[in-house]
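Visitor: Handing you this structure, nothing more for now.
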Amino acid sequence: MKAHNLWLIIPWTLFIAAAAGWVFYWNYLANEAERRVHAWQFEQNAGGATVEIGQVVRHGFPVFLRLELRDVRYAASRGGWRAETARADLNIDPLKPNHAILEAKAPISITRANNAVTNIRADALIASVRMNGDTLAEAGIESNNLVLDDPAEDGVLHAARVMASVRPDARVAGEYQFSFDAQTISLPRPVRSFEAFGLDMAQIRAAIVVTDGALLMQSSPGDPLGPWRDGGGRLRFEALELDWGPLQTTGTGEGGLDEQRRLDGRLVLPVDRPAPVLTAIANGPRIDSDARRALSLLAAGYVVTGNDITLDIGAHDGVLRVEGLPVRPLPPVY
């Protein structure tokens, strides 16, 4: 064979070999992804949960890898809740196989232990998980035009944009950083004790540290957060930004649950214009009468002085307090 013919054949041979290798690699990843899906399904079912996947369909060759999961149903082993959707897509970048993205392609229905139903729909609803070997590197969820609807209750919750993520805190072993950002929110109903703040919230952002985060993976029947609380688990609000009605602030705080599973903690919120905030709280329909009078007097004083305030909101011993004034009793969270 002449030398110049080799220069024509060799590139084509290398191209064919590379193409064949990529086909093999893509199918290997697809097989491995399906294997992991079914392995996870088997592990969940063996642990007492119920996972059903009607069909798995591969898409995306040659550039992407997408597994279309049809008729997905999940019933938790504890807590009594279940979820189902007609379709969810699992996306995997062949060049980054440790990064998986799950995209909801149909509304999701979640049924709680008391048979109350919440329907979730969005223009886009995407969850992602990135692993570092067998260790979580980061997980997150984001959505556009998120709607939560409970058919048995009036109103729906709508948020134009929601983003949340969790990752191990590199500063302290066993702790996790959780961030949350929601914009242009419409609440389904007034928030108790803050009814006068209204149903429209421009924005809420939070940077939270979860201590003893591994204990959240444990639960006991009827007490899903029990092991975490009993192990000393708390939330530390390194930043909490609110733009809601008369309140525009960025504060800090900490919180958790007491033995009766009631909220227990404190928020410290600097407020430039405290009078409208205190007045709005005082005008709530369920505020204790003594607290109403005291809050109204405080508000009047700040109208006169024009001073700012560091608003102290506490939850201790089953009572919600604003500036030390008892506003209302707190029931157990669950």
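Visitor: Is there a residue being surrounded by fewer than 17 Cβ atoms within 10 Å (Cβ to Cβ), aliphatic (A, V, I, L, M), in a helix (DSSP H, G or I) and at pLDDT below 95 anywhere in the stretch 185-199?
Guide: No: the stretch 185-199 contains no residue that is surrounded by fewer than 17 Cβ atoms within 10 Å (Cβ to Cβ), aliphatic (A, V, I, L, M), in a helix (DSSP H, G or I) and at pLDDT below 95.
Visitor: Residue under question is Ala86, and the condition is that it be surrounded by 15 or more Cβ atoms within 10 Å (Cβ to Cβ), touching a Pro at 6+ places or on another chain (Cβ under 9 Å) and either under 30 Å from Pro224 (Cβ atoms) or at pLDDT 90 or above (or both); does it hold?
Guide: Judged against the criteria, Ala86 is a match.
Visitor: Quick check on this structure: which one of Leu14, Leu29 is out of contact with any Cys (no Cβ under 9 Å at 6 or more places or on another chain), part of a helix (DSSP H, G or I) and modelled with pLDDT under 70?
Guide: Result of the check over Leu14, Leu29: Leu14.
Visitor: With respect to Ile126, determine if the residue is in contact with an Asp or Glu (Cβ under 6 Å, 6 or more places away or on another chain), of a type in the set (A, V, I, L, M) and assigned to a strand (DSSP E or B).
Guide: yes
Visitor: Checking Arg292 against (1) within 30 Å of Val172 (Cβ to Cβ); (2) among the charged types (D, E, K, R); (3) surrounded by fewer than 19 Cβ atoms within 10 Å (Cβ to Cβ), which test does it fail?
Guide: If we test Arg292 against (1) within 30 Å of Val172 (Cβ to Cβ); (2) among the charged types (D, E, K, R); (3) surrounded by fewer than 19 Cβ atoms within 10 Å (Cβ to Cβ), just (1) comes out false.
Visitor: Taking the stretch 288-334, which residues are among the hydroxyl-bearing types (Ser, Thr, Tyr), outside any loop (DSSP other than H, G, I, E, B) and either modelled with pLDDT under 90 or farther than 27 Å from Asp264 by Cβ (or both)?
Guide: Ser289, Ser296, Tyr302, Thr305
Visitor: Right, something else. Given the conditions (1) under 23 Å from Ile185 (Cα atoms); (2) not in a strand (DSSP E or B), which single one is not true for Val162?
Guide: For Val162, the failing item is (2).
Visitor: Any chance the stretch 217-227 includes a residue that's over 20 Å from Asp258 (Cα atoms) and either surrounded by 15 or more Cβ atoms within 10 Å (Cβ to Cβ) or not charged (D, E, K, R) (or both)?
Guide: no
Visitor: Run Ala202 past the list (1) surrounded by fewer than 16 Cβ atoms within 10 Å (Cβ to Cβ); (2) not in a strand (DSSP E or B) and report the number of the one that doesn't hold.
Guide: (2)
Visitor: OK, next. Could you tell me whether Arg262 is under 20 Å from Pro332 (Cβ atoms), in contact with a Gly (Cβ under 6 Å, 6 or more places away or on another chain) and not polar (S, T, N, Q)?
Guide: Spelling it out, Arg262 is indeed under 20 Å from Pro332 (Cβ atoms), in contact with a Gly (Cβ under 6 Å, 6 or more places away or on another chain) and not polar (S, T, N, Q).
Visitor: So, one more: Among the numbered criteria (1) among the small types (Gly, Ala, Ser); (2) part of a strand (DSSP E or B); (3) in contact with a Phe, Trp or Tyr (Cβ under 8 Å, 6 or more places away or on another chain); (4) buried (at least 16 other Cβ atoms within 10 Å of the Cβ), which single criterion is violated by Gly256?
Guide: The one condition Gly256 does not meet is (3).
Visitor: Further question on the same structure: The conditions are (1) assigned to a helix (DSSP H, G or I); (2) within 26 Å of Arg189 (Cα to Cα); (3) modelled with pLDDT under 90; (4) not β-branched (Val, Ile, Thr), and Gly284 fails exactly one of them. Which is it?
Guide: With (1) assigned to a helix (DSSP H, G or I); (2) within 26 Å of Arg189 (Cα to Cα); (3) modelled with pLDDT under 90; (4) not β-branched (Val, Ile, Thr) applied to Gly284, the lone miss is (1).
Visitor: In the stretch 60-99, which residues are touching a residue at least 40 places away in the same chain (Cβ under 8 Å) and either polar (S, T, N, Q) or closer than 27 Å to Val23 by Cα (or both)?
Guide: Pro62, Leu90, Ile92, Pro94, Pro97
Visitor: Only residues that are assigned to a loop (DSSP other than H, G, I, E, B), loosely packed, with under 14 Cβ neighbours inside 10 Å and either at pLDDT 85 or above or in contact with a Gly (Cβ under 8 Å, 6 or more places away or on another chain) (or both): list them for the stretch 48-69, please.
Guide: Gly48
The values are calculated or read from the model by the stated rules, or taken from the named source; none is laboratory data. In this text, all values refer to a predicted model and were calculated from it rather than measured experimentally. Note that we place each Cβ from the backbone using ideal geometry, even for glycine, and neighbour counts take in every protein chain shown.
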